[in-house]
Amino acid sequence: MKVAVIRFPGSNCDADALHAATLAGHEAWFVWHRSADLAGADTVILPGGFSYGDYLRPGAIARFSPVMQAVAAHARAGGSVLGICNGFQILCEAHLLPGQLVRNAQLSFVCREVTVRVDSDQTPFTSRYRIGQELRMPVAHGDGRYVADDATLDALEREGRVVFRYVGGSPNGALRDIAAIRNTDGNVVGMMPHPERAVEPILGSTDGLAMFALAGVPAGVS
Amino acid sequence: MKSFLGRVRVMPRAGLLDPQGHAVEHALSSLGFGGVQRVRVGRTLEIAVQADSEQQVRERLREMCEKLVANPVTEDFTIDAVEAAP
């Protein structure tokens, strides 16, 4: 598989995401935010960080960068996209996923390991997991509280589009303990926890590695 | 073309949890300010625009808010003022 990791000014988990994709056996490269060329990638990863300094709202400015036009076209064509942390915020601002990530309910930055439960295996990133499986991976964010109106939340639940849910309470006040969601087709996934920081025993968990297996990714979409 | 200064207010939607507002509310109480019932925190933007008329400025500000300045999922915006800039 070919994996493009997008770099915005302020991305800081880009190298980790590239490392995780490489570790899983893929050919991976960086794409700068000013480029609109994904160079034939099968999968796009929007990494964590603070793109454009989180100015205005996290992800709000990144949404209008040239590369995001290419990412949106890739997603519309059925290409797989994984947004992690700031990448999730960008996907929501770009309306590729519903809802928004707002300031943590307790107002403080939260950086610790959490447990999430797999609620959907119908994505290219979670097809190696089984429903109900519990995974350990870290979160590190100040704006990770997932919110959407009740109709949207009900639709997400009804259509099985909640991908991960926090176990034992959310670290940020997310509505319905939502940690990750997918779009209707399942090819776009956004998540607050960091699977790329849980891919080797030395990191404390390897539970995130299976996300990068990309077992359900269709090749040659872009 | 004339110069205008627009002032746009963006507030968290009523009914949504506003943790910043709550934090300021508690801080005011602990400073001894009695009778504070509710605080909400939003933001104000001053946007200088060149246009032909105030009406045109208002239309453009609304478009800016819908596209970027406010997030329709959680925020409401109000165009507070449009003044002729000196």
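Things worth noting here:
- Odd one out for B:Pro19 among (1) more than 12 Å from chain A (Cβ to nearest Cβ); (2) in contact with a Leu (Cβ under 7 Å, 6 or more places away or on another chain); (3) free of Cβ contacts under 8 Å to residues at least 24 places away in the same chain; (4) crowded, with 16+ Cβ neighbours inside 10 Å: (1)
- Pair list, Cβ < 9 Å and 6+ apart or interchain, from the range B:69-86 residues that are modelled with pLDDT under 90 to residues that are surrounded by 13 or more Cβ atoms within 10 Å (Cβ to Cβ) and of a type in the set (D, E, K, R): B:Ala85/B:Lys2
- The residues of the range A:73-98 that are part of a helix (DSSP H, G or I) and over 10 Å from A:Leu46 (Cβ atoms), listed by number, are A:Ala73, A:His74, A:Ala75, A:Arg76, A:Cys92, A:Glu93.
- Single residue of the range B:44-60 satisfying the filter (surrounded by 13 or more Cβ atoms within 10 Å (Cβ to Cβ) and within 18 Å of A:Arg57 (Cβ to Cβ)) that is nearest to the chain's Cα centre (by Cα): B:Leu45
- Identity of the residue in the range B:1-16, outside any strand (DSSP E or B) and closer than 21 Å to A:Gly142 by Cα, that ends up farthest from the other protein chains (Cβ to nearest Cβ): B:Arg13
- Matching residues, the range A:139-158, being within 12 Å of chain B (Cβ to nearest Cβ), small (Gly, Ala, Ser) and buried (at least 21 other Cβ atoms within 10 Å of the Cβ): A:Ala148
- Residue selected from the range A:102-132 under the condition away from chain B (no Cβ under 14 Å) and charged (D, E, K, R), by the criterion surrounded by the most Cβ atoms within 10 Å (Cβ to Cβ): A:Asp119
Every residue, every condition in (1) without any contact (Cβ under 8 Å) to a residue 60 or more places away in the chain; (2) surrounded by fewer than 21 Cβ atoms within 10 Å (Cβ to Cβ), yes or no:
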| position | (1), (2) |
| --- | --- |
| A:Val3 | no, no |
| A:Ala21 | no, no |
| A:Leu38 | no, no |
| A:Gly53 | yes, yes |
| A:Ala60 | yes, no |
| A:Ser65 | yes, no |
| A:Ala72 | yes, yes |
| A:Ala75 | no, no |
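- Qualifying positions in the range B:22-38 - of a type outside the set (Phe, Trp, Tyr) and either more than 14 Å from every other protein chain (Cβ to nearest Cβ) or crowded, with 16+ Cβ neighbours inside 10 Å (or both): B:His22, B:Glu25, B:Leu28, B:Ser29, B:Ser30, B:Leu31, B:Gly32, B:Gly34, B:Gly35, B:Val36, B:Gln37, B:Arg38
- If you go through the range A:14-47 and keep only what is of a type outside the set (D, E, K, R) and within 19 Å of A:Leu96 (Cβ to Cβ), you end up with A:Ala17, A:Val31, A:His33, A:Ser35, A:Ala36, A:Leu38, A:Ala41, A:Thr43, A:Val44, A:Ile45, A:Leu46, A:Pro47.
- Complete set of residues in the range B:47-86 that are in a strand (DSSP E or B) and within 14 Å of chain A (Cβ to nearest Cβ): B:Ile47, B:Glu75, B:Asp76, B:Phe77
The values are calculated or read from the model by the stated rules, or taken from the named source; none is laboratory data. All of these numbers come straight from a predicted model, not from anything done at the bench. All Cβ positions, even for glycine, are placed from backbone atoms using ideal geometry, and neighbour counts span all protein chains on display.
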